[in-house]
1. If I filter region 150-161 down to residues being charged (D, E, K, R) and at pLDDT 95 or above, which single residue comes out as surrounded by the fewest Cβ atoms within 10 Å (Cβ to Cβ)?
2. If a residue must be assigned to a loop (DSSP other than H, G, I, E, B), touching a Phe, Trp or Tyr at 6+ places or on another chain (Cβ under 6 Å) and more than 10 Å from Phe125 (Cβ to Cβ), how many such residues does region 219-240 contain?
3. Out of everything in region 256-284 that is of a type in the set (S, T, N, Q) and either modelled with pLDDT under 95 or assigned to a loop (DSSP other than H, G, I, E, B) (or both), what residue ends up being surrounded by the fewest Cβ atoms within 10 Å (Cβ to Cβ)?
4. Restricting attention to region 161-173, and to residues there that are within 23 Å of Asn97 (Cβ to Cβ) and part of a strand (DSSP E or B), which single residue is nearest to the chain's Cα centre (by Cα)?
5. Being more than 9 Å from Glu131 (Cα to Cα) and touching a His at 6+ places or on another chain (Cβ under 9 Å) is the filter here, so list the residues in region 224-235 that pass it.
6. Which members of region 109-138 meet the condition of being outside any loop (DSSP other than H, G, I, E, B), of a type outside the set (Gly, Ala, Ser) and surrounded by fewer than 22 Cβ atoms within 10 Å (Cβ to Cβ)?
7. Filter region 139-160 for residues that are out of contact with any His (no Cβ under 7 Å at 6 or more places or on another chain) and assigned to a strand (DSSP E or B) and give the result.
8. Which one of these does Thr4 not meet: (1) at negative phi; (2) in contact with a His (Cβ under 9 Å, 6 or more places away or on another chain)?
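The values are calculated or read from the model by the stated rules, or taken from the named source; none is laboratory data. Since this is a predicted model, take the numbers as computed values, not measurements. Backbone-built Cβ (ideal geometry, glycine too); neighbour counts: all protein chains shown.
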Amino acid sequence: MRITAVTCVKNEGPFLLEWIAFNRLIGVTDFLFYSNDCTDGTAELLEALAAREMLVHLPNPAQGRNYQMEALKDAAHQEVVRQADWLWIADVDEFLNIHVGAHDIPSLIEACGNAKAISIGFQFFANDGIESFVDAPVISQFTRSHNPDIWCAETAIEVKTLVRQDFPLKYYGAHRPFFKKNLPPRRFPRWSDGSGRDVPHKFLVADNPRRIRKFPAKGSRDFATLNHYALRSLDSYLVKNDRGDVNREHRAFDDSYWRERNDPAYQDLSIQRYLPQLAEALEELKSDPEIAELHATCVSRHIEKRDALLAQSSYQDMRRQLLASSTLPPQEEALLEDLGLMVSTTE
C-alpha cells in the first residue's frame with residue numbers, strides 16, 4: 001500500500017526528523033514537502049533527505065498569500081501523489097495516533113471498512129507550563145489536552161482526512177477533500193470518522209460553514225485521534241509567532257490562539273506507545289553525519305531566533321503575558337462568568 005503524506009513547512013527544521021520518522025512508523029511510504037522562505041535550515045535538511053530519496057521537496061508555488069491551498073492544488077498533479085493509494089494531508093505539528101490493530105494507517109483503514117475517506121478529529125495538546133525548547137520528541141513532552149469531546153465550549157472539532165485515490169475529487173482541502181461538481185447523491189463515497197462510523201451528512205456535503213471541516217467529536221475517535229501540538233514549548237511558540245505560518249503570511253498568533261489550545265484538563269499518554277520505535281528510528285536517521293549536522297543547525301538556529309526575539313521588549317512582554325494567562329479558553333471563561341461560577345485559574 002502506497003501512502004503519501006503532503007505537508008507545507010516554514011522554519012520547522014528542529015521538528016522534521018521526528019515527524020518523518022513517526023509517519024514512517026505508522027505506514028506512510030512517501031512524502032511531499034513544500035517549503036517557503038525558510039531561514040532556519042529547513043530547506044537544506046529537506047534537500048539532503050530528498051537526495052537520499054526519502055521524500056520529494058518542492059518550493060511552494062504560491063503566487064499570493066494562500067500558500068497551503070496553492071500547494072495542494074499543485075500536489076494533485078505530482079507523481080508522488082498520483083501514484084499513491086491513499087493521501088494524508090497534515091502539518092508537522094500533527095500526529096496521527098492510531099488505537100487499533102498494529103497502530104498504523106493500514107490497520108485504521110481496515111477497521112473503517114470500505115471507506116474512500118476517513119476524517120480524524122483533532123485533540124489539541126497544551127503547553128502545560130513547559131517554557132524551554134528541548135531537542136526531544138514532541139510526543140514525549142506534551143501529554144495534556146482539553147476534554148477530547150469539548151474544545152472551547154464547542155462539541156464539534158476540526159478534522160484532517162485520509163483520502164483514497166478513487167475518491168470522486170474536485171480538489172483537496174487542508175482538512176477534507178471536496179466532491180466533483182454536481183456529483184449525484186447515489187455516487188457519494190463512503191466516508192467514515194475515526195470510529196468507522198459514517199460522517200454526519202451535513203459534513204459529507206459541506207452543507208454550511210460550521211460543517212465544512214468539523215463535526216461532533218463525541219464517539220468519533222475510537223480507532224484514531226489526531227494529536228495536534230500547536231503550541232509546543234513557550235520558546236517555540238514565540239518563534240512560531242514571529243514566523244507566521246505556511247498558510248497566511250504574517251499571521252499573528254495572539255493570546256487567544258494560545259489560550260484556546262492551552263487547556264491541560266485531561267492527560268493522554270496513549271501516543272507514547274510509539275516512543276521506543278521512534279527513538280530507534282531517529283537514531284538511525286541521525287547516524288548519517290550530514291543529516292545529524294543539518295538537524296543540529298536547525299536546532300541551534302531555533303534557539304538563536306528565540307534569543308533574538310527575547311532581546312526585544314515586545315517579546316519579553318508577550319512571554320510574560322502568556323505565562324500569566326488563564327488555562328481556561330476564553331469561551332469557557334466567558335460561559336462561567338455568565339453562570340456566575342468564575343474563579344481564579346492562575347493561582
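1. Glu158
2. Final tally of qualifying residues: 1.
3. The first filter runs over region 256-284 and keeps only residues of a type in the set (S, T, N, Q), leaving 256, 262, 267, 270, 272, 277.
Checking the rest, the ones that are also either modelled with pLDDT under 95 or assigned to a loop (DSSP other than H, G, I, E, B) (or both) come to 256, 262.
Working: Ser256: 14, Asn262: 25.
Going through the qualifying residues, I end up with Ser256.
4. My answer is Thr161.
5. Listed by number, the residues that qualify are Ala224, Thr225.
6. Listed by number, the list holds a single entry, Glu110.
7. In the first step, residues of region 139-160 are kept if they are out of contact with any His (no Cβ under 7 Å at 6 or more places or on another chain); the result is 139-157.
Listed by number, the residues that qualify are Arg144, Ser145, Trp151, Glu154, Ala156, Ile157.
8. (2)
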